[in-house]
1. So, counting K/R as plus one and D/E as minus one, what does the shell of residues with Cβ under 9 Å around ALA302 add up to?
2. Which of HIS77, HIS39, HIS227 moves most in a GNM of the chain, Cα contacts under 10 Å?
3. Would you calculate the separation in nanometres between label points at ALA131 and ASN335, each defined as 7 Å from the Cα along the Cα-to-beta-carbon direction?
4. With the convex hull built on the Cα atoms of the chain, state its orientation-averaged projected area in nm².
5. So for the range 191-278, considering every pair of alpha-carbon atoms, how many percent are separated by more than 19 Å?
6. Any chance you could run the full-extension gain for HIS297 through ALA252? It's 0.36 nm times the residue separation minus the Cα-Cα distance, nm to one decimal.
7. Could you give the size of the charge dipole of the range 121-181 about its Cα centre, using +1 on the Cβ of each K and R and -1 on the Cβ of each D and E, expressed in debye and rounded to the nearest 20?
8. In what sequence do LEU58, LEU196 fall when counting other Cβ within 10 Å, fewest first?
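Every number in this text was worked out from the coordinates using simple rules, so none of it is lab data. Predicted model, so just to flag it, every value in this text is computed and none were measured. Note that each Cβ is placed from the backbone with ideal geometry, even for glycine, and that neighbours are counted across all protein chains shown.
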Amino acid sequence: MPSLVPPAHPVTDVPPVLEETLLPGERESLTARIKQLLHEQDAVLVAHYYTSGELQRLAEETGGCVSDSLEMARFGHASKAKTLIVAGVKFMGETAKILNPEKRVLMPDPRAECSLDLSCPADEFTRFCDAHPDRTVVVYANTSAEVKARADWMVTSSIAVKVAAHLKSRGEKLIWAPDRFLGDYVQKATGADMLLWRGSCVVHERFKAEGIRDLKREFPDAAVLVHPESPAAVIAMADVVGSTTQLIRAAAALPNPVLIVATDNGIFHKMREVAPGKRLIEAPTGGTGATCVSCAHCPWMAMNGLKNLLAVLESGGQEIHVDEAVRLRAVRSINRMLEFAGQSGMALAGRSGD
Ligand code: 13P
Ligand code: SF4
């Protein structure tokens, strides 16, 4: 008898947020050596907006890229460099490898996980999909290579609504995994028939609508910017809902002098650059009396630093490998999205500075 309710995998083993500490002068010497090795090894740094300002600056100064996960995938694919250094979390490194099997893909710390990826083990997900053969399987980028291999489509947050609307217009019913909040948002935005996996992001699930309401009372001119991995009550308060790149663009474009931002606070580095005169406030995570695990910063993103970046360049270790049979299946679901993005005018639209 097929099960209609997917299993829940609450992720309890969340590491503490440990930011890298550097001695005086260390930053400069590390940065200089990294720049030299990137050049010598024909390597580029592909960094996510949630990594440290230091890494983001370095990526931009050395011809790499800082972006959301859609553009990270596309940049790595388009780049001519022999080596991609992915400063982000494991699924981003795997996606780079899936799209670029001929390239060496390194990560400063491959233990950098993601609670969404962890919440969706490939074997259980496969069983769930097999129990619903009439449904098109759409998975978020924040999943393992094996889960992408089982999917028909992979999507990122910047394109999820468009893809679901497209599939609905073709009369398709969907399985969506693993983020239940993003899935709920996509379902409401499109009216698609979707069965949702029950994963969540340990950073975004903590944002509290009540705390945002209090801030809105204090700052009536503020706009609220929300990443769609947040709970529905938080999304309901948003002036803008979008991927990291979409939120950064909104921060620059909105006339409001104050912005309340419900996403990882690593994004503030780029937001300060594009919206210099505006006051940026972190959306509250804890609420009265609650305990805060992440405090608006992803503990796995925080594992990327200058020291381990230099170490992988020196050793060539921490290389990402994906089994070839898995890769060949996973690349189909990613390419579907990339082709769709190109056709729907999203070509190269997700990088800072574009
Ligand atoms: P974006 O695709 O919006 O960059 O999101 C990736 C992510 O992991 C958000 O938590
Ligand atoms: Fe995963 Fe959340 Fe970290 Fe993004 S912020 S990588 S969704 S745990």
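1. Values: positive: none; negative: GLU19, GLU20.
Residues near ALA302 contribute -2 overall.
2. In the Gaussian network model the winner is HIS39.
3. Here the answer is 3.2 nm between the modelled labels.
4. Numbers: hull surface 72.3 nm².
Computed as one quarter of the Cα hull surface, the answer is 18.1 nm².
5. Taking all Cα-Cα pairs of the range 191-278, the fraction more than 19 Å apart is 40 percent.
6. Once the chain is fully extended between HIS297 and ALA252, it gains 14.0 nm.
7. About 280 debye.
8. Working: LEU58 23, LEU196 20.
Least to most surrounded, the residues fall as LEU196, LEU58.
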